[in-house]
1. Would you mind ranking SER286, SER274 so that the residue whose beta carbon has the fewest other beta carbons within 10 Å leads the list?
2. Among ALA46, ALA99, ALA31, determine the one that fluctuates most according to a GNM of the chain built with springs between C-alpha atoms less than 10 Å apart.
3. Could you work out the local net charge near LYS161, counting Lys and Arg as +1, Asp and Glu as -1, over the other residues with Cβ closer than 13 Å to its Cβ?
4. What is the sum of charges around CYS181, taking Lys and Arg as +1, Asp and Glu as -1, for the other residues whose C-beta is under 14 Å from the C-beta of CYS181?
5. Averaging sequence separations of C-alpha pairs under 8 Å and six or more residues apart, then dividing by the length of the chain, give the relative contact order as a whole percent.
6. For LYS41, give me every one of the aspartates and glutamates with a C-alpha distance below 12 angstrom, ignoring sequence neighbours fewer than eight places off in its own chain.
7. Cα-Cα over 29 Å: which of LYS18/LYS215; LYS3/LYS284; LYS119/LYS215?
8. Report the antiparallel proportion of the DSSP beta bridges in the chain as a percent, rounded to a multiple of 5.
Amino acid sequence: MNKKITVIGSLNYDVILKIPRLPFKGETLTANGAAFSAGGKGANQAVQAAKLKTPTYMVGCVGTDASADFLVNTAKEYGVNVDYIRKVPGSSGMGVINAVEDGSVYACIVRGANFEVTKDNIVDTVNITENADITRLSGLVEDLQNEIPVEIIAYAIDKAKEAGCIVVLNAAPAIELPEECLSKVDILVVNEVEAEFYCHEKIDSVEKAKTEIKKMAEKYNNNVIFTLGKDGAVAYENGTIEFIPAMKVDAIETTGAGDSYIGAVSHSIIEGKSLIEACKFATKCSAITVCRMGAQPSMPTLEDVE
Ligand code: RIB
């Protein structure tokens, strides 16, 4: 079978500051250190899947600035097919992440070239899917996030369904999405903050997550994962709800942990695993990712996980 993952999403140049606490208004705070790395939810998820040896294609845009080649080359070095990343005039996307010593993360993104992804880019991806054996549906996963324009997300979901892909949507950052988009995806993944946005309820316990995930999955008639950071994840798969605890590790920095998780879920789904099995495998991947600085450099290979 011709197994492939197509990720349509963002590529960002990440500046990660390790800080003891958030600065007060008017205060200049000294960071304990900084890391500069390739990021963006799309590219991060693509890199994780590629590191796990699944053929992975990245569809997105970078700018013409200094970080553009770095973003493309880094993805390529990690094994991602970068033929469908387009260069557009202007700045590449950027992430500025304050990683606080207590493990909390405060991030801002600059859209840059990520908002130049067009419907033509999505049509390009038909080439990718046509080259795969689309009669065997589990061989194709399309993975999307919310760091590109909403109309492009909607269009990509439609094209992916036409091509027979399993569609994974990481609805992050949380934004208003047409309800029909959410109903068309096969697997919806959100963290606890995004889950609160979509469910209009505080997700402050595993029990609450179980209650809300059921409502959400039944509303949109799909399978859903709520990632809960150091507490683990809750997955809804065809009527079964399971809590998957996180592994206990000494976390260094958590940027990209959720992306590592989703890249690993997509990889496992293509390998024919159930969603709950996929989550168990993804838990191991993200546990490794949080033990190093930065998103893509921290993500494990298949050998690391084994
Ligand atoms: O999920 C982490 C990612 O979110 C970072 O790499 C940052 O660029 C933002 O897209």
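Coordinate-derived values only; no laboratory data. Small disclaimer: the values here were computed from a predicted structure and weren't measured. Neighbour counts are summed over all protein chains in view; Cβ atoms, including those assigned to glycine, are modelled from backbone coordinates with ideal geometry.
1. Ranked by crowding around the Cβ, least crowded first: SER274, SER286.
2. Comparing ALA46, ALA99, ALA31 in a Gaussian network model of the chain, the most mobile one is ALA31.
3. With Lys, Arg at +1 and Asp, Glu at -1, the net is -3.
4. Net local charge, CYS181 excluded: -3.
5. 18
6. Hits, sequence-local ones excluded: ASP14, ASP143, GLU147, ASP259.
7. Listed pairs above 29 Å: LYS18/LYS215; LYS119/LYS215.
8. So the antiparallel bridges amount to about 40 percent of the total.
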